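Right, one structure below, let's go through it.
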Amino acid sequence: MAFEGLAERLQGSMKKIKGKGKVTEQDVKDMMREVRLALLEADVNFKVVKQFIKDVKERAVGQEVMDSLTPGQQVIKVVNEELTELMGGEQSRLNTAQKPPTVVMMVGLQGAGKTTTTGKLALHLRKKHNRKPLMAAADIYRPAAIKQLETLGKQLDMPVFSMGDQVSPVEIAEKAVAEAKEEHHDYVLIDTAGRLHVDDDLMGELDQIKAAVKPDEVLLVVDSMTGQDAVNVAESFNERLGITGIVMTKLDGDTRGGAAISVKAVTGKPIKFAGMGEKSDALEPFHPERMASRILGMGDMLSLIEKA
Amino acid sequence: SKTRESFVGAMNELMMDYRTVDEEFFEELEDILIASDVGVNTVMELVDELREEALRQNIKKSVDLQPLISEKLSELLVRDEQETKLNMQEDSLTVILFVGVNGVGKTTTIGKMAQKFKNEGRRVMLAAGDTFRAGAIEQLEVWGERAGVEVVKQQAGSDPAAVMYDAIQSAKSRKADVLLCDTAGRLQNKVNLMKELEKVKRVLTREIPEAPHEVLLVLDATTGQNAMTQAKMFGEATDVSGIVLTKLDGTAKGGIVLAIRNELDIPVKFVGLGEKVEDLHEFDPDQYVHGLFADVIEREEQESS
Ligand SMILES: Nc1nc2c(ncn2[C@@H]2O[C@H](COP(=O)(O)OP(=O)(O)OP(=O)(O)O)[C@@H](O)[C@H]2O)c(=O)[nH]1
Ligand SMILES: Nc1nc2c(ncn2[C@@H]2O[C@H](COP(=O)(O)OP(=O)(O)OP(=O)(O)O)[C@@H](O)[C@H]2O)c(=O)[nH]1
Ligand SMILES: [Mg+2]
Ligand SMILES: [Mg+2]
C-alpha cells in the first residue's frame, strides 16, 4: 500500500520502448498516465496536474533517446526539471522593511503550525541573522493560544507582546509594532488565530490587521499533508490578503507533500521555509529540487540521472 | 437503506442532463472523487470497474449507469447503523484514548465530547496526556473549565504514561463514568513517539483490562492521501476503533475516509464542524455523501435554471 514512486510506476512503459531511437507520442502518452497518477497520489491538485502534464508532454515528444538514459529516465528527468522550476528558486530570506521594524504576519488554517513557526522564525532571525525579534500574541480565540506563545517565548528567552484575550487582534498588532519601535526590535512576528478561508468575518479581521500594520511579509503557513483543498485555501488567502510567501510545515513526516506544488502554482508566491519538526530549531530553507524528488518518490533514481 | 437512497438522489442530480457515457464522463467522475481526496487507488479501481461494466452491459446513458455507481460507492460506506456508536460501559468507567498527528483537533474534540457526555448526565474526567507541546495542558484546562469537568494533570515535560496512571486511579476513586485521554500530536513515522503511545495505551489496559474502550483517531478533513498512512500506522500501534473527522466546516471533503474504510475497515464515528463546543456531531453517512457531490449539484442547478 505504500506509495509507488514514479520510477516503479514507469517500469512497464519503459520496457516497451527500450531500444527505440525516439520517444514517440504514444510512449509519452503512456508514461504521462503514470506521471499523472504519481502526482495525484502525492496530493498535487488535479487541475494543476492537468496543466502540468500538458506542458511536459510538449517537451517530451520527439526527444532523441540519449545513450546514457532509458526513455523512462529521460521522461523522469523532464518531469523533475519542470516540477523544480514550478516550485521556484531557493529563497529563505524574509523581506525587510526600509525602516525597522520589519513586520511579519503569520496566517493560515487551524492547526497548520503558525504559532510553532513564529517561535522558529524568531529563533532563526536571532541565531542566523543576529536580529532582535518581538513576537506578538494576536490569537485571542483558541484556548491557551497566548499561553502557548508565551511558553515558547520563555523556552527561547524571546520577548512576547500580549494584551490578553479581551483586546481586538488589530489593536494588539498595532501596539506590538509601536512597542517594537520603542524597544528597538528589528522584527515583529504577529501570530494570528487559525481560520477557514471561507470565514468572511475572520478573513476580514486579517484584512484589518494588514491595513493597520502594513506588514512587509504575510506568510501563509500550510500543512504539507494537505490534500486537494490546498489550492482553494491558498487562492483565497492570496486573493483576500495578498500573501508574500509560504511556509510548508510538518515535512518531517512521510507525506509526499504535493500541496507545495499546488500552492505555488495558484499563488505564484515563493515557498520560503520548511518546518521539519516540533522543536524550535526545526526550520530549514525550502529546497525546490529536493521537494520535487520527494513528490515523485525517487531520491536514488534522480541522483543516477544527474550523473548521466 | 437510507444512505443508499440519498446517494441515489445525489447521483440523480449529478446526471440530470442524460449524458452519454463516454470517456469524458468517466474522467469527470474521477475528477469529482479525486477532488474530494478519495484515495487515488480507490477511485481508479472504482471507475475502472464502472468502465468495464458499462461496456459489458452496453450502457450508453448516464442514467442507466447511475444505479451501478450508487451501489459501488455505498459499498464503501457505513455497513451497519451501530458502528458509529461509541462502546460505552453503562455501569463502569469508560476510557477513551485520542490519538493522531499534530494539530488535527484532538484536544478540541475532547473538549466538545466532555460537554456532550456531561449533558447526558455522566461524570467526566480529562487526562492531560500531552505534556510536550507548549500550552497543551493549559488548553485542555480551558476546555475542562468550560464543561465543568476535572482535569488530571502533571507538570509539562513529565511522562505521559505516568499521567495516564494517575488519571485512571483518580477516575476510579471518584467513580467517574468517562475518562477522556488527550495525547500529544505525533507524526506516524516517528518510531519512538509511536512506542510512547503504545506504552500509554498499555498503562490503561493494565489498570482496566478492557480499557481503552475506544481508541479514536482524529483526522483533519483537509489532509490528503497521507491520512491513509496515518490510519495504518496508528492502527498498528493502538488498534484504532473509530475515526473523528474534523474541520469539515471548511471546503475540504475528507474523502480519504472512503479509502480507509475500503482498505482498513475503520468506521468514522464523529465529525467536527467548527471550533465551538457544540460543533461535534455523530457521523451521518447520508449527509456526508451529499457533501461529496454538493458542488456538482449546485453547478448543475445553476446551469439548468
Ligand atoms: N512534526 C511537526 N510538527 C509541527 C511542525 N510545525 C508545527 N507542528 C505541530 O503542529 C501542531 C500545531 O501547531 P501550532 O503551531 O499550534 O499550529 P497553529 O497554526 O498555530 O494552530 P492554531 O493556532 O490552532 O490555528 C503542534 O502540535 C505543533 O507542535 C513541524 O514542522 N513538524
Ligand atoms: N474549523 C474547525 N477547526 C477545528 C475543528 N476542530 C479543531 N479545530 C481547530 O484546530 C486547531 C487545532 O486543534 P487542537 O484541538 O489543538 O488539535 P490537536 O490535535 O490537539 O493538536 P496538537 O495537540 O498540537 O497535536 C485549533 O485551532 C482548533 O480550534 C473543527 O472541526 N473545525
Ligand atoms: Mg496558533
Ligand atoms: Mg492537543
Distance check, please: which entries in A:Lys132/A:Lys214; A:Lys29/B:Lys269; A:Lys181/B:Lys247; A:Lys54/B:Lys232 exceed 31 angstrom between their Cα atoms? A:Lys29/B:Lys269; A:Lys181/B:Lys247; A:Lys54/B:Lys232
Any lysines with Cα under 21 Å of the B:Lys61 Cα? List them, leaving off those in the same chain fewer than 8 positions away. B:Lys72
Taking only C-alpha pairs under 8 Å that are 6+ residues apart, what is the relative contact order of chain A in percent? 25
Within 10 Å of each Cβ in B:37-43, the average number of Cβ atoms from other chains: 4
Can you list the aspartates and glutamates whose alpha carbon is less than 12 Å from that of A:Lys127, not counting same-chain residues fewer than 8 positions off? A:Asp281
Find the relative contact order for chain B and round it to a whole percent, using C-alpha pairs within less than 8 Å whose residues are 6+ positions apart. 24
Within chain A, excluding any trypsin sites (Lys or Arg not before Pro) found in a DSSP loop (not H, G, I, E or B) and having at most 15 other Cβ atoms within 10 Å, the longest uninterrupted segment runs A:94-278
So what is the 222 nm mean residue ellipticity for the protein assembly as shown from helices alone, if each DSSP H run of at least 4 adds -39500 (n - 2.57) and you divide by all residues, rounding to the nearest 500 deg cm²/dmol? -16000 deg cm²/dmol
At the level of C-alpha centres, the distance separating the stretch A:89-143 and the stretch B:152-225, in angstrom, is 32
Restricted to chain B, the DSSP antiparallel beta bridge percent, nearest 5, is 15
Output the pairs from B:Lys112/B:Lys172; A:Lys114/B:Lys85; A:Lys128/B:Lys153; A:Lys77/B:Lys195 with a Cα-Cα distance over 28 Å in this structure; if there are none, say none. A:Lys114/B:Lys85; A:Lys128/B:Lys153; A:Lys77/B:Lys195
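Excluding A:Asp229 itself, calculate the net charge of residues whose Cβ lies under 9 Å from the Cβ of A:Asp229, where each Lys or Arg counts +1 and each Asp or Glu counts -1. Present the calculation step by step, with values, prior to reporting the outcome.
Working: positive: B:Lys253; negative: B:Asp37.
Result for the local shell: 0.
Any read-out appearing in this document is the output of simple, stated calculations on the displayed coordinates, not a laboratory observation. Keep in mind that what you see is a predicted model, and the values were worked out from it rather than measured. So basically every Cβ, Gly included, is an ideal-geometry build from the backbone, and we count neighbours across all protein chains shown.
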